[in-house]
Amino acid sequence: MVDEFLKKKGSKDSIEVLLNPLSLLSSPFDYEDLKKSIDFLKEKSEYGEKALLIAHEDMDGIASLIISISLLKSLNIPYEVYIPSKEEDPHGISHKVIKWGIEKDTNFLFALDCGISDVREIKYAQENGMDVLILDHHRYGHSYDSFLFIHPKKGSGFPYLSASALSLLLFYGYHILEGRDFDYIYRENPDEIILSACGILADRVPLIGDNLFIVKKAKQIIEEKRGNLYRIYNEATGKEPSLWSFVSSFSALTSREGKSLLLYLFEDGDISLKKEYLLRILKEEKLSMKLSKESLNLAKEFIDIREHFVLVVDKNIRLRSLGWIANVLKRKYYLPAVVIAYRKDGIWVGEGRSFPPISIYNAFNRIKDLFVDFGGHHYAAGFSIKQENLKFFDKKFEESIRKEKEKNWKEKVDILINGDYLHELEDILNLGKKNFYLSCYLENIKIEELRKSFGGQIYGIPAENGIYDMVLSIDENGGRVFWKSKQTE
Ligand SMILES: [Mn+2]
């Protein structure tokens, strides 16, 4: 049943293989447009063209960016980098960044971990003579054929890659064509593998299959004390880094004037300067945590708890903390949470977090006419909205989230299990632990049995015995009863 479900979700491998990916990464050429993208970059190299790189300002985006810079360096392609700031710039590709790129004489655009929702801006870039390559793993609604677009769900590869993992596969694809194998990258590019793993962990994509493979390799590299990242961290702090220490330090990074401190660790230059940069990154980590907590306290003052969601709107909340705060509130109230604050360019920006089976992406999609732009994943999505539309948001969103909940649960959940197959829940909870967020409909379940077998892993089991239908929301913390109905005995 679980394997059937995985197949339906686009995975070729069984759950055993996904949980223990021992051998190799899946072939980069399973992804549509990946080979074409390498040919495209080779052509750009031949013509001496210059790239405009745009990346999402988070761990995954910046990891993708640095890995892709390694690829461009292998191809001798010059580049300019712009990482839009969450505090000041529109999300992803914008007119502002394109104009900046034109001033810098760039000839083509390469967007990482962003871009797929920016259809108008892509068109604007093309009208200005730029070819476009997008590498993104966010949800997308339309089919695009006027530009190159690599996405984990396009093609027959492993469908749950982070952008950083997809970037590593693009890099790997280039090396395969040059006659090299993964061991070559493992030896020669340890930092790219570590960064790819950091993006995977920070973005909380499912830790199975290729993602798990990359994380395991990164841990081995750190154990072997290899790479610049290891060396700089170890010499600057006198401590042994773990993969998680990299994730937590680098995730706090913010971009300034389109650049990130992390980039400087990978530019040519002397090691003592790089150690300085790393120490500054560690300071920023502390500061960022402090600012996020302050913003959370502020948010608590303005919290509006409704029947179906939690909403916070306040001008002074730090934009970089919106997602983090929404996540804290979602967990606390076990309701979809939306936090909205004000950006310097006069636009309001919101982040929403929810849990399976409630797709906040779908809820936003239904009211997208209100937004300047929006995008993300099912359980983590963001938007921007003009002041004059903000006043309609709460009513419209309420309606939309209600519609999301009115659906027939049995059809809406990811997987359906009946009482005779209760043992299959074991595998499903295991997937949950691996960041595989999913929902499960349990049909005709004896509560006593459920409690006996899964009592420590499922929360909110009804106290009263009997036979129930219920919906579980499953994440890394286990299962949680989201909806229940007692059946006649
Ligand atoms: Mn990402």
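The values are calculated or read from the model by the stated rules, or taken from the named source; none is laboratory data. Just so it is clear, the structure is predicted and the values come from calculations on it, not from any experiment. Cβ sites come from the backbone with ideal geometry, for glycine too, and all protein chains shown count toward neighbours.
Summary of values
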read-out: Total residues in the range 139-153, condition closer than 22 Å to residue 207 by Cβ and either more than 15 Å from the ligand (Cβ to nearest atom) or in contact with a strand residue (DSSP E or B) (Cβ under 6 Å, 6 or more places away or on another chain) (or both); value: 1
read-out: Single condition residue 180 does not satisfy, out of (1) over 23 Å from the mean Cα position of the chain (by Cα); (2) surrounded by fewer than 21 Cβ atoms within 10 Å (Cβ to Cβ); (3) under 29 Å from residue 436 (Cα atoms); value: (3)
read-out: Number of positions in the range 177-216 that are among the β-branched types (Val, Ile, Thr) and more than 16 Å from the ligand (Cβ to nearest atom); value: 4
read-out: Lone unmet requirement of (1) in a helix (DSSP H, G or I); (2) in contact (Cβ under 8 Å) with a residue 12 or more places away in the chain; (3) more than 22 Å from residue 267 (Cβ to Cβ) for residue 92; value: (1)
read-out: Looking only at the range 239-279, and only at residues there that are of a type in the set (Lys, Arg) and over 26 Å from residue 219 (Cβ atoms), the one that is modelled with the lowest pLDDT; value: 256
read-out: Residue selected from the range 132-160 under the condition among the polar types (S, T, N, Q) and farther than 24 Å from residue 366 by Cα, by the criterion surrounded by the most Cβ atoms within 10 Å (Cβ to Cβ); value: 156
read-out: Complete set of residues in the range 209-257 that are buried (at least 18 other Cβ atoms within 10 Å of the Cβ), over 23 Å from residue 290 (Cβ atoms) and of a type in the set (Gly, Ala, Ser); value: 209, 218, 227
read-out: Count of the range 361-378 residues which are part of a helix (DSSP H, G or I) and out of contact with any His (no Cβ under 7 Å at 6 or more places or on another chain); value: 8
read-out: Some residue of the range 161-174 being surrounded by fewer than 23 Cβ atoms within 10 Å (Cβ to Cβ), assigned by TED's automatic domain parsing to the domain that holds residue 208 and farther than 16 Å from residue 25 by Cα; value: no
read-out: Residue match in the range 379-399 (condition: over 16 Å from residue 339 (Cα atoms), under 25 Å from the mean Cα position of the chain (by Cα) and outside any strand (DSSP E or B)); value: no
read-out: Test for residue 348: is it under 21 Å from residue 60 (Cβ atoms) and touching a helix residue (DSSP H, G or I) at 6+ places or on another chain (Cβ under 8 Å); value: no
read-out: Members of the range 121-177 found to be modelled with pLDDT of 95 or more and touching a Gly at 6+ places or on another chain (Cβ under 6 Å), listed by number; value: 134, 136, 138, 162, 164
read-out: Subset of the range 452-470 [part of a helix (DSSP H, G or I) and either surrounded by fewer than 16 Cβ atoms within 10 Å (Cβ to Cβ) or polar (S, T, N, Q) (or both)]; value: 452, 453
read-out: Enumeration of residues in the range 427-482 that are within 19 Å of residue 1 (Cα to Cα), of a type in the set (Phe, Trp, Tyr) and out of contact with any Pro (no Cβ under 8 Å at 6 or more places or on another chain); value: 441, 454
read-out: Enumeration of residues in the range 119-131 that are surrounded by fewer than 23 Cβ atoms within 10 Å (Cβ to Cβ) and touching a strand residue (DSSP E or B) at 6+ places or on another chain (Cβ under 7 Å); value: 126, 130, 131
read-out: Residue match in the range 478-486 (condition: in a loop (DSSP other than H, G, I, E, B), of a type outside the set (A, V, I, L, M), under 33 Å from the mean Cα position of the chain (by Cα) and over 23 Å from residue 363 (Cα atoms)); value: no
read-out: Subset of the range 95-129 that is of a type in the set (Asp, Glu) and part of a loop (DSSP other than H, G, I, E, B) - its residue that is farthest from the ligand (Cβ to nearest atom); value: 105
read-out: Any helices (runs of 4 or more DSSP H) falling wholly within the range 1-86 and containing at least 1 residues that are within 16 Å of the ligand (Cβ to nearest atom) and in contact with a Cys (Cβ under 9 Å, 6 or more places away or on another chain); value: 59-74
read-out: Subset of the range 159-176 (residues that are more than 15 Å from residue 212 (Cβ to Cβ) and either of a type in the set (Ser, Thr, Tyr) or more than 16 Å from the ligand (Cβ to nearest atom) (or both)); value: 167, 171, 172, 173, 174, 175, 176
read-out: Set 160, 172, 144: member being within 24 Å of residue 14 (Cβ to Cβ) and assigned to a loop (DSSP other than H, G, I, E, B); value: 160
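Residue by residue, here is whether (1) in a helix (DSSP H, G or I); (2) of a type outside the set (Val, Ile, Thr); (3) over 26 Å from residue 428 (Cβ atoms) holds:
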{"site": "207", "(1), (2), (3)": "no, yes, no"}
{"site": "210", "(1), (2), (3)": "yes, yes, no"}
{"site": "216", "(1), (2), (3)": "yes, yes, no"}
{"site": "230", "(1), (2), (3)": "yes, yes, yes"}
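Rundown of residues vs (1) under 26 Å from residue 193 (Cα atoms); (2) free of Cβ contacts under 8 Å to residues at least 60 places away in the same chain, yes/no style:
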| site | (1), (2) |
| --- | --- |
| 55 | yes, yes |
| 79 | yes, yes |
| 82 | yes, no |
| 103 | no, yes |
| 126 | no, yes |
| 133 | yes, no |
